[in-house]
Structures are given as structure tokens and as C-alpha cells.
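**Student:** Handing you this structure, nothing more for now.
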Amino acid sequence: MSQAAPAPHDDLGLVRRALDGDVVAVESLVGRLGCVYRVLAQRNRRLGEPFAAEELEDLAQDVTIAVWSKLGEFRGLSSIEGWVFRFAHLELIYRLRARDRLPGPLGEERASAEPAHEDAAAAAHEEAEELYPALEQLEPAQGEVIRLKHFEDLTFPQIAERLGASANTAKTRYYRGMQRLREILGRGHRRLGGDVR
Amino acid sequence: MSEAMDRRDEILRRLLLEEADPLAAFAHSELAADAGARAELEQLLEAQRRVQALAGNEREALRPSGPGSAARQAEERVLARLREHVATQKPVPSAPRRRVNVALLLAAALALFLGGRWLAAPEPEPDTPLGSGGHIEVLPVATFGEIAWTWTGKRPAGSRFVVHVFDGAASGLDGEVASSPPLEQNRWTPAEDEWTRWPDEIRIHVELWGPGPNELLERSLEVRARRSP
């Protein structure tokens, strides 16, 4: 049986209409981008709140506008929120690292007072930086089943219905995708000199 | 890739997806003596656990804030700033050709209605430069699905390139198979699952659009590309 390529996510149409100046699409998309603040706030909490509330809001404004300016790069491989999550998460980590590298007393103070942020940020960054690209290397049909299963929290019967395939086919694609992911992640560890898991 | 599974894969798939405690179930399976299969199952479970954790983080982060909460208020302030920003930006058409065609149809209908041939002045042919003072040259396609071009001339502020791909078997503006979003850069690399669906021979047009509505500044000569066997 051949592997079907997944259809671009419906959000691609919304993005294109918004870029085209459709005011309804623009407003709908603006509302959806409220998720940028939520992602940043959640990641900030997970890292022990290295950014104060005011700093976080400023950061959210910068990142929201940056996301808007990059909408032309959205390919519809996930929902808008999924695409935003990765972007906002990485942006938070970069900003945190950049801030902690600042020279002078402020930078020194932060570096000594907040080593846990560095460690947590590094771990979160490395995990996301390893996993997201690995997921993108999967065959599209396999990657889509894994995304629907874990990121959209669907059951296999729901995935099957969404794909117009049997639940057995969905499970097989999931299993093949996980096998491939295991190989990709194992290769990464070998390259880094670690054990193959 | 075939989706048929051999017996070993079938058992591993079932353990991974249908058992509450896959490793315990493995010990009672017909693969129990296969150390390699056990190691593979452990690695699959680890990969699954990592994806689950990442996805759980993503879902948690995307959960809506409570109405009236401080988080919701902050979110609303951020969105208000975004609305201000968007209001200062002029829309860039992502599929401008359709609008141009509609305008052409209306113009042609009006010309016929009035019977005045002078009104039927056609839109410049797709491969006729518009005389913007600049020039778009589509570069030879080294990899099918990667389209690059050069632009000589001054780029007006807010201008964007748009690429149109047509079926090589059609002519003129017929047979459009894809168009890019508005692009800042002189390159378009569509997703692989998009360009693999294109016909084996394509025609490429690149246009430069100004920031105003329907402000077509320049278009390239048509270039053909063929997929390598």
C-alpha cells in the first residue's frame, strides 16, 4: 500500500486569506495568536520564571509581531498553534540566553543568581531542538499520525476517521514512524558520542 | 514504503500500542528470548515517551487562559498591540493573479458591450516585462522544486515576490498548479509533498508586487523546467 501524503492543515487557507488582506481572516488569525503569550507564559513558569511579568509581556509583543511577519513561511504542516509553539518556545530560550550573556553587573548578577534557569533552559532547548527536526524527517504520512496521536490527542479510531483509512493502517503508520524516529534519535546520540538508546 | 508487517513487527507494534505494561507483556510473548527485540521495544518506548512529553508541554501551553485572569488580560494587551501593528501594514496579495484575471474579464465584457475595440487592450502577456525599471531573471532550476531568481533594480519598500507554477502542457495562464506566498527573498522552496505532485514539466513565472492593492510591478519571462528522470 502506498503512503498518502497528508493534506495541508486547514489553517494554511486561513493564513493565505489573511495575507491577502481578508479582514475576517486577519481578525480570526490575530485572535488565534493569543497563544503566543500563553506559550511564553507556560515555558517561563516551567523555567522558574526567569522573566518578570512585565518583561514577559514585552517579549510576547515582540514575538507576536515576529510570528506575524513570518506567516508567509507557514506551510500548513500543523495547526497555527503548533507552529507558534515551536517558534515561541525557541525564542524564549534564545532571549533568555542572550539576556544572561549581557555584560556588566546586571549580567553577572543574573548569571550567579539563576544558574538553574540556564540548566533548565539548556535541557528544554536541546530536547526540543532534537525532537522537532527529527519529527520533520519522518515520512509525511507517518509524521501526521504521530502528530495527531500525541499533539492533537486523538485516538486511533479518530485518526483513522480523519485520514479516511482503517485504524490498523493508522497504527502501522504510527509504529513505522516510531521505528524511524528511534533510528534518527539514535543516530543523533551516536554523533554526539553517547550511547545508542 | 510497504505497510505490510512481518510477525516480529506485528508483535512489537501490539506491545507498543495495546499493552498497559509493554515490557511485562514482552516477557510473556513469543519474542521473550529475543534480546534484540527487547532492546528495540525499550528504544521505541523511550522515543514514544519523549514525543509524549513534548506534545504534553505543547498542549498545556496552548490551553486557553481563564476569562478575566491576569494572563487573559496580558494576552489581550498583546493582541491589541498586534492589531495596531497589522493596521499599519498594507496587505500583500498571496494569489493576485486571480484578481487580475477577474479584472480582465470585466474589462473584456465591458469592451464587448460597448463595441469599442480600443477598450479591449489586453493585459501584457505573461512574458512581457512591465517596464518597472527592474528585471526579474529566473535562474536555471538545479533541483526540481527549488525556484530562484535575480532582481536587478531598486526594490520598492514593502514589495514582495510571488511565484506561479503552471503545467508545462498548458499555455498562457492556464494550468496553474501552485503559487507561492508573498516572499521577501529571491528563492522559493515549496514543501516536498507539494512539488512532488507537480507535473513533470512546469512553466515558472515570478512577479514582483508592490505594497498597494493589485500593484503588479514586474514579471519575469516564462521559464520551463523538467523533472529529472
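**Student:** Please determine whether any residue of the stretch B:201-224 is at pLDDT 85 or above, surrounded by fewer than 17 Cβ atoms within 10 Å (Cβ to Cβ) and out of contact with any Asp or Glu (no Cβ under 7 Å at 6 or more places or on another chain).
**Tutor:** For the stretch B:201-224, residues at pLDDT 85 or above, surrounded by fewer than 17 Cβ atoms within 10 Å (Cβ to Cβ) and out of contact with any Asp or Glu (no Cβ under 7 Å at 6 or more places or on another chain): present.
**Student:** When the stretch A:25-37 is examined, which residues are found to be facing another protein chain (nearest Cβ under 7 Å), buried (at least 21 other Cβ atoms within 10 Å of the Cβ) and over 12 Å from A:Val63 (Cα atoms)?
**Tutor:** Once the filter is applied, which keeps residues that are facing another protein chain (nearest Cβ under 7 Å), buried (at least 21 other Cβ atoms within 10 Å of the Cβ) and over 12 Å from A:Val63 (Cα atoms), the stretch A:25-37 yields only A:Val26.
**Student:** Find the residue count for the stretch A:128-146, including only residues that are open to solvent by less than 60 Å² (accessible area, probe 1.4 Å) and either modelled with pLDDT under 90 or of a type in the set (Val, Ile, Thr) (or both). Steps first, please.
**Tutor:** Of the stretch A:128-146, the ones open to solvent by less than 60 Å² (accessible area, probe 1.4 Å) are A:128, A:130-135, A:138, A:141-146.
Within this subset, residues satisfying the condition of being either modelled with pLDDT under 90 or of a type in the set (Val, Ile, Thr) (or both) are A:128, A:130-135, A:138, A:141, A:144-146.
Here the count works out to 12.
**Student:** Now for a different question. Being small (Gly, Ala, Ser) and in contact with a strand residue (DSSP E or B) (Cβ under 8 Å, 6 or more places away or on another chain) narrows it down to one of A:Gly72, A:Gly82, so name that one.
**Tutor:** On the way: A:Gly82 fails: in contact with a strand residue (DSSP E or B) (Cβ under 8 Å, 6 or more places away or on another chain).
Exactly one of A:Gly72, A:Gly82 is small (Gly, Ala, Ser) and in contact with a strand residue (DSSP E or B) (Cβ under 8 Å, 6 or more places away or on another chain), namely A:Gly72.
**Student:** Something else now. I need the full set of residues from the stretch B:143-174 which are small (Gly, Ala, Ser) and surrounded by fewer than 17 Cβ atoms within 10 Å (Cβ to Cβ), in order please.
**Tutor:** Just the residues of the stretch B:143-174 that are small (Gly, Ala, Ser), to begin with: B:145, B:148, B:153, B:157-159, B:168-172.
Of everything in the stretch B:143-174, those that are small (Gly, Ala, Ser) and surrounded by fewer than 17 Cβ atoms within 10 Å (Cβ to Cβ) turn out to be B:Gly153, B:Ala157, B:Gly158, B:Ala169, B:Ala170, B:Ser171, B:Gly172.
**Student:** Consider the stretch A:78-90. How many of its residues are out of contact with any Phe, Trp or Tyr (no Cβ under 8 Å at 6 or more places or on another chain) and either open to solvent by 10 Å² or more (accessible area, probe 1.4 Å) or of a type in the set (D, E, K, R) (or both)?
**Tutor:** First pass over the stretch A:78-90, keeping only residues out of contact with any Phe, Trp or Tyr (no Cβ under 8 Å at 6 or more places or on another chain): A:79, A:81, A:84-85, A:87-90.
If we keep only those that are either open to solvent by 10 Å² or more (accessible area, probe 1.4 Å) or of a type in the set (D, E, K, R) (or both) too, we end up with A:79, A:81, A:87, A:90.
So the answer is 4.
**Student:** When you check A:Phe151 against the structure, is it at the interface with another protein chain (Cβ under 9 Å from one of its Cβ atoms), surrounded by fewer than 23 Cβ atoms within 10 Å (Cβ to Cβ) and in contact with a Ser or Thr (Cβ under 8 Å, 6 or more places away or on another chain), yes or no?
**Tutor:** Working: at the interface with another protein chain (Cβ under 9 Å from one of its Cβ atoms): yes; surrounded by fewer than 23 Cβ atoms within 10 Å (Cβ to Cβ): yes; in contact with a Ser or Thr (Cβ under 8 Å, 6 or more places away or on another chain): yes.
Considered against the rule, which asks whether it is at the interface with another protein chain (Cβ under 9 Å from one of its Cβ atoms), surrounded by fewer than 23 Cβ atoms within 10 Å (Cβ to Cβ) and in contact with a Ser or Thr (Cβ under 8 Å, 6 or more places away or on another chain), A:Phe151 comes out as yes.
**Student:** B:Ala39: more than 8 Å from chain A (Cβ to nearest Cβ) and part of a helix (DSSP H, G or I), yes or no?
**Tutor:** Working: more than 8 Å from chain A (Cβ to nearest Cβ): yes; part of a helix (DSSP H, G or I): yes.
In short, yes.
**Student:** Are there any pairs with C-beta distances below 6 angstrom linking a residue in the stretch A:174-189 that is under 12 Å from A:Ala134 (Cα atoms) and modelled with pLDDT of 95 or more to a residue that is β-branched (Val, Ile, Thr) and open to solvent by less than 10 Å² (accessible area, probe 1.4 Å), with the two at least 6 apart or on different chains, and if so which?
**Tutor:** A:Gly177/A:Ile146
**Student:** In addition: Being more than 10 Å from chain B (Cβ to nearest Cβ) and of a type in the set (D, E, K, R) narrows it down to one of A:Glu54, A:Glu49, A:Glu73, so name that one. Talk me through it step by step, then tell me what you get.
**Tutor:** Details: A:Glu54 fails: more than 10 Å from chain B (Cβ to nearest Cβ); A:Glu73 fails: more than 10 Å from chain B (Cβ to nearest Cβ).
Exactly one of A:Glu54, A:Glu49, A:Glu73 is more than 10 Å from chain B (Cβ to nearest Cβ) and of a type in the set (D, E, K, R), namely A:Glu49.
The values are calculated or read from the model by the stated rules, or taken from the named source; none is laboratory data. All values reported here derive from a predicted model rather than from experimental measurement. When we count neighbours, we look across all protein chains shown, and the Cβ atoms used for this are built from the backbone with ideal geometry, even at glycine. Surface accessibility is based on the protein's heavy atoms, side chains included, excluding ligands, DNA and RNA. Shrake-Rupley method; radii C 1.70, N 1.55, O 1.52, S 1.80 Å.
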